[in-house]
Amino acid sequence: MSGVQEAVAAYQCVDEFFGAPFVDVDEARDHPVPHRYVHGGFDGTATRFSLCFPERYERRFFQYLQGGFGGSEHIASAGMTEFAGVGYAASRGGYLVESNQGHAGAEPCPKAGDDVTVYAHRASAETARFARHLAAAIYGEPPEHGYVFGGSGGGYRTIVCMEKTEDAVWDAGVASVVGSENTLHKYAAMNNARRLLGSQFDSVVDAVEPGGSGDPFDGLTTAQREALADLYASGFPRGAERSVSEGFNAGVFLWTWQADLLLEHHAEYFDAFWTDVGHAGADGALDDAVIDCKVTVARAVTPGEAAEYPISGFGRMLLTAPPDKQVGIVLAGDPLDGVDCVDGARITITSGAAAGRQLYCVTSADGLLVGSSMGEAQTQLFDGVAPGDEVHIDNRDFLAYCYSYRHHAGSAEEVRRLAIDGRPVYPLHDWLDMASTSSPVFGGLGITGAVRRPLFLIQHTHDSSGWPSGGTGYADDVRAAADPSLVEQFRFWWLDHAEHIPASSIPARSRPVPTTRLIEFGGGHEAALDAMVAWIERGVAPPSSTSYELDVQDKGLHLPASAGDRLGIQPVPRATANGAARADVRVGAAVTFAVDAAAPPDAGAIVEIAWDFDGSGTWPVVHRPTPARTVHHELEHAYDEPGTYFAAARVVLHPAGDPDDAFARVTNLGRCRVVVH
């Protein structure tokens, strides 16, 4: 491979916003595969990039867009993405492109300011153009094809790239787990249900698990029933209830990112909530829920120190901060003893070097508060906070946010019981959409469905952060707005039993552990990229879009029970214990477990079945059948101790029927319950 400095000097930016490119790292790396690593940026801007050039090159590239609000060029290149990193790109004969999407961390680029186009697609596009130029110098010929992909915020910006970028920077894109309009208010309903149900969410989870009663409302109080009903009616995905109770949803995190701007733009609502009749705060319904206290800091903690606490959910994202960054504080004594939930509360530092800084509690445990925000406060977190400093904790604004889904225009359309005869039950307030009240690095351009390039869209059935309506709504937009030829090149696939983050990224707090309830979805996204490459470069038509129904009234998502009817790219298994979803047996009695699994048409073949009998995630039985579209597997297992066990059959499909390919392994789960007496 030749040098790069001459190529860097010769490059002329297409987008005049960007200054001349520079390279500050050019070195050979061995992990996870041998490749040439190039890091740099564009003068006068905050845009930085990481480019990974492996030895195998078949004239294509893959570009990863980080989720959330982006801000780092070291996710895919450092092996921290859940799918399609350097190893995948190398195995498919491509180099890997990654940028910070125009800004560092949560702060806007000093030059771009509020120009969201830079963060939404222009920085990614200019990085791709420069990488094409550099690849030609390194490999001796430029790439013929390029593909952009990402999930969550990165999925949204993948769509923006497909809609807004005019020149042929990429051939196509694969976007996943995109959000929907009014996401802010949907998350408000989720936070409210979590706050009100508390430990009662355990009974909700048990009811909807295999072999459960099927009635999630049994045993709940009136207020709890109303909150849960509103959550479901807002479109919350059935089967993802455990994620709410355990905090593995983006609801609180999104509030911490948006709180200051919401309070600025919607001060009228946050005041009225506590003063005007018709709002729960003013009516006295929340008097016992208010937190308003001054506390003392015992110490500030780094990511490594915070990891020793049982913190949950998206708050664990902050543990990826630099090792010396102070991400949380431990309070002196036990000032919040008896408080059910501190999440969402404002933390104002009132003394010491950091006095005046405001963050919001994204997760808490055993006296530890982990904070988050936007802009400068997010960059600093708790740096400068020392033992003995005082802080003020107040959750009034968060409580008002939790009820905002009742009070914004459109409430009646989303939740039936919020209006009678077309008249809203609760007072309404004018609300801007999330992008309008966001920091520019988290906001975005409106997406319409009018894509300029082929697009595959993937949505997760158990995603407590990207609800079904985000995918279904955009799929409808594409079919209505895109050129007919591009509608033919659009696919919309569901991945069942998939959360917003991989199962292995969720701490195992109890059984059944996450890896026996949820899938590692990365292989499905890699299979989608493989299918896109095959279609664009070889004309091989991809599998059909998944067939589904989203109930107009109750917002429930329904997928057909058989693979032949469901279609898509994922295997469809059905697991049973003694022939049913639930078996009641005596200690020592043999239980007959069976799984019947099928691959959808043109999706590939089933190459592996693994069994976990007790929800521990150990998978003691792994069966590798002759690759086939349909597989039946049966075995017996006995339990030595009484208890309730959730058994799982993990079924793996590969698009080419290759059991030895480490990538593009598409997984699904069949689950059943065994009660041992």
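A single entry from GLY198, GLY239, GLY219, GLY211 fulfils the requirement of being on the phi > 0 side of the Ramachandran plot, under 27 Å from the mean Cα position of the chain (by Cα) and not in a helix (DSSP H, G or I): GLY239. Scanning the stretch 8-53 for residues that are outside any strand (DSSP E or B) and within 16 Å of HIS103 (Cβ to Cβ) gives ASP15, PHE17, PHE18, GLY19, ASP43, GLY44, THR45, ALA46, THR47.
Of the residues making up the stretch 307-316, those that are in contact with a Pro (Cβ under 8 Å, 6 or more places away or on another chain) and surrounded by 18 or more Cβ atoms within 10 Å (Cβ to Cβ) are SER312, ARG316. Candidates in the stretch 360-415 are the residues that are crowded, with 23+ Cβ neighbours inside 10 Å, among the β-branched types (Val, Ile, Thr) and not in a loop (DSSP other than H, G, I, E, B); of these, the one that is modelled with the lowest pLDDT is THR363. Here THR515, THR546, THR592 are screened, and the one residue that is among the hydroxyl-bearing types (Ser, Thr, Tyr) and more than 26 Å from ASP463 (Cβ to Cβ) is THR592.
Residue by residue, here is whether (1) in a strand (DSSP E or B); (2) at pLDDT 95 or above; (3) within 14 Å of LEU557 (Cα to Cα) holds:
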| position | (1), (2), (3) |
| --- | --- |
| ILE458 | yes, yes, no |
| SER465 | no, no, no |
| GLY471 | no, no, yes |
| VAL478 | no, yes, no |
| LEU486 | no, no, no |
| ARG491 | yes, yes, no |
| SER504 | no, no, no |
| PRO507 | no, no, no |
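The residue of the stretch 184-215 that is farthest from ARG491 (Cα to Cα), among those that are touching a Leu at 6+ places or on another chain (Cβ under 8 Å) and crowded, with 22+ Cβ neighbours inside 10 Å, is LEU197.
Only residues that are among the small types (Gly, Ala, Ser), buried (at least 19 other Cβ atoms within 10 Å of the Cβ) and more than 32 Å from the chain's Cα centre (by Cα) were counted in the stretch 258-306, giving 1. Per the listing ALA534, ALA527, ALA597, ALA603, the residue uniquely part of a helix (DSSP H, G or I) and crowded, with 18+ Cβ neighbours inside 10 Å is ALA527. Applying the condition of being in contact with a Gly (Cβ under 7 Å, 6 or more places away or on another chain) and not in a strand (DSSP E or B) to the stretch 641-662 and asking which residue is surrounded by the most Cβ atoms within 10 Å (Cβ to Cβ) yields PRO655.
Taken together, ARG665, ARG629, ARG673 contain a single residue that is closer than 21 Å to ASP496 by Cα, out of contact with any Gly (no Cβ under 7 Å at 6 or more places or on another chain) and surrounded by 15 or more Cβ atoms within 10 Å (Cβ to Cβ), which is ARG629. Hey, among the residues in the stretch 342-359 that are surrounded by fewer than 22 Cβ atoms within 10 Å (Cβ to Cβ) and in a strand (DSSP E or B), which one's farthest from the chain's Cα centre (by Cα)? Applying the filter and picking the extreme gives THR348. Residues in the stretch 153-172 that are over 18 Å from ARG491 (Cβ atoms) and not in a helix (DSSP H, G or I): 5 in all.
May I ask you to verify whether VAL25 is surrounded by fewer than 19 Cβ atoms within 10 Å (Cβ to Cβ), in contact with a strand residue (DSSP E or B) (Cβ under 7 Å, 6 or more places away or on another chain) and farther than 13 Å from TYR88 by Cα? Yes.
THR275 falls short of the stated requirement of being outside the structural domain of VAL339 (by TED's automatic domain parsing), of a type outside the set (D, E, K, R) and without any contact (Cβ under 8 Å) to a residue 24 or more places away in the chain. In the stretch 575-583, the count of residues that are in the same structural domain as ARG517 (by TED's automatic domain parsing) and within 28 Å of the chain's Cα centre (by Cα) is one or more.
Only a single criterion out of (1) closer than 26 Å to VAL552 by Cα; (2) among the polar types (S, T, N, Q); (3) surrounded by fewer than 15 Cβ atoms within 10 Å (Cβ to Cβ) is not satisfied by THR221, namely (1).
The values are calculated or read from the model by the stated rules, or taken from the named source; none is laboratory data. Just so it is clear, the model here is predicted, and its values are computed rather than measured. Neighbour counts are summed over all protein chains in view; Cβ atoms, including those assigned to glycine, are modelled from backbone coordinates with ideal geometry.
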